[in-house]
Amino acid sequence: MKKIVIASNNKHKIKEFRDIIKNYEILSLEDIGYHDEIEENGKTFRENALIKAKTIQEFLKEKKLDYIVLADDSGLCVDSLGGEPGIYSARYSGVYGDSQANRDKLLEKLKDKDRSAYFVCTIIVYYPDDTYKTFVGKTYGEITKEELGNKDFGYDCIFYSNDLNKTFGEATEEEKNSVSHRGRAIYELLKEL
């Protein structure tokens, strides 16, 4: 079975890729022994995904491993905030990965503002021959005024999906994957694979 390395150790993200991509063995950064922090200093989702993909492909070449690399960068964009939190979604509050603080900051900034929002995911598939392709998925909705459903992951409990008529926090994994930004980008990617 061909191997694909996901340039991440985020367990939610790895599981989402494994749930959708069935014909490949999906490996995390931990699985390949990569433990360094990759500095995401791009100005767009695409630039950050490309930085991660190239970094991991170079690491694999040093180890003489001929795997495909998938890297994504994704986030929540709120129209009335000029696209915030955008590429800073995971560290919006100033602390990386503090979902509660990120949600609290967003809800505070949205008082008396339009709540239209969308999630975007940009995936780069990077091949051992240094060619790559880009895939983008988006899903639209709005930010709720309170947290609804499971609060374990990111902004899910405050993102009301237009497709599902409920928050991602209230949706099953299957429901979310069927309409999520990452799910849509992965389905586009599957046509390539």
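The values are calculated or read from the model by the stated rules, or taken from the named source; none is laboratory data. Computed from a predicted model, the values in this text were never measured in an experiment. Counting neighbours? That spans all protein chains shown, and the Cβs are built from the backbone with ideal geometry, glycine included. Calculation scope for accessible area: heavy atoms of the full protein, side chains included, ligands and nucleic acids excluded. Shrake-Rupley method; radii C 1.70, N 1.55, O 1.52, S 1.80 Å.
What the table below lists for this structure:
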item	result
Under 12 Å, Cβ to Cβ, from Ser180 - net charge with Lys/Arg +1 and Asp/Glu -1	-3
Relative contact order for the chain, counting Cα pairs under 8 Å that sit 6 or more residues apart, in percent	18 percent
Rounded percent of accessible protein surface that carbon and sulfur make up, the chain, 1.4 Å probe	46 percent
Relative contact order of region 11-97, defined on C-alpha pairs under 8 angstrom at six or more residues apart (%)	17 percent
Theoretical ellipticity at 222 nm over the chain - DSSP helices of four or more residues, -39500 (n - 2.57) apiece, nearest 500	-9500 deg cm²/dmol
Neighbour cut-off at most 15 other Cβ (10 Å), DSSP loop, trypsin sites (Lys or Arg not before Pro), region 1-35	Lys2, Lys22
Read-out percent of Cα pairs over 19 Å apart, derived from the coordinates shown; its label in [x] 58; [y] 64; [z] 55	[x]
Å² per residue, accessible surface of region 1-90 at 1.4 Å	51 Å²
Summed residue charge, Cβ within 14 Å of Ser161's Cβ, Lys/Arg positive, Asp/Glu negative	-1
